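Notes for the one structure printed next.
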Amino acid sequence: MVKEKSQYKSLAEWRKTNPNDYAKVNREGWLDEICDIFGWVKSQIKPNGYWTKERVMAEAKKFNARTEWMIGSSSSYSSARRNGWVDDASRHMKDVKVVKPKGYWDIKENCIAEAKKHKSITEWQNKSSQSVIFARRNGWMDECTEHMIETRKPRGYWDIKENCITEAKKHRTITEWQNKSSQSVKGARRNGWMDECTKHMDSLKKPKGYWDIKENCITEAKKHRTITEWKATSSPSVKGARRNGWMDECTEHME
């Protein structure tokens, strides 16, 4: 049988470069046929018990990021997750972020301690959005931000249309505006001024059906580290992903 030519030398190379295509082919049961067409050899399945901690540690050192490791050696990564070795194996990686235990941000002292690392609410939001979310939810914002240099607006300030419009004009997109001045966004939404505030922005509204295209949802999701952050800044894309069953693919890079 004559083999077709491919720009990729191996299944592993193709999988690393096109993880979404690989996932679809594997899910549909076409992997054997693809390998046969291009003359690729499927990776040998490791026997049960192969991935000891020592082997996982050695395998992980081949990669510079968790996402790269997860794509390039999924079986070792899965074993590491199953046995609780991921943190130990990925300490050298550049995209490692410490995941706080469940309930960590529901403790006021933890939110205050995190907030004190930052000079403004904007900086705090950009560096530790989860702690901000829980501080708002639990009503601790005043205590968390009393040391910050960011000027607090008086009560009702964002219920004045001109103030919201002036603030919105500093930003090119709704996402940027939300990240830099969430309180003014809330005021604009609450009072029904979003259209007036955002008519100057680069990408105010996406065309009908835009979020029913998988690639658009995945591209938008990759801008965010967590589902909470993604939903806060681009809820229509989250709805599109949920509606079409793409949440797993959109969030596989997230914490």
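Things worth noting here:
- Within the option set 162, 114, 176, 109, being among the acidic types (Asp, Glu) and at pLDDT below 85 holds for one residue only, 176.
- Top-ranked residue of the stretch 232-255 - restricted to ones that are charged (D, E, K, R) and in contact with a Ser or Thr (Cβ under 9 Å, 6 or more places away or on another chain), ranked as modelled with the lowest pLDDT: 255
- Single match in 220, 146, 167 (criterion: of a type in the set (D, E, K, R) and surrounded by fewer than 13 Cβ atoms within 10 Å (Cβ to Cβ)): 146
- Residue 255 being of a type in the set (Asp, Glu) and under 12 Å from the mean Cα position of the chain (by Cα): yes
- Within the stretch 173-197, the set of residues being basic (Lys, Arg) and surrounded by 16 or more Cβ atoms within 10 Å (Cβ to Cβ) comprises just one member, 180.
- Residue count for the stretch 185-228, restricted to those that are at pLDDT 90 or above and acidic (Asp, Glu): 2
- Residues of the stretch 214-251 satisfying the condition of being touching a residue at least 40 places away in the same chain (Cβ under 8 Å) and not in a helix (DSSP H, G or I): 223, 225, 226, 234
- Residues in the stretch 54-69 that are of a type in the set (A, V, I, L, M, F, W, C) and in contact (Cβ under 8 Å) with a residue 12 or more places away in the chain: 56, 57, 60, 63, 65, 69.
- Helices (runs of 4 or more DSSP H) contained in the stretch 103-170 and holding at least 2 residues in contact (Cβ under 8 Å) with a residue 60 or more places away in the chain, outside the structural domain of residue 183 (by TED's automatic domain parsing) and in contact with a helix residue (DSSP H, G or I) (Cβ under 8 Å, 6 or more places away or on another chain): 129-138
- Checked against the criterion of being among the basic types (Lys, Arg) and not in a loop (DSSP other than H, G, I, E, B), the stretch 195-212 has no qualifying residue.
The values are calculated or read from the model by the stated rules, or taken from the named source; none is laboratory data. The model shown is predicted, which means the values in this text are computed figures rather than measured ones. Neighbour counts run over all protein chains shown; Cβ positions are idealised from the backbone, glycine included.
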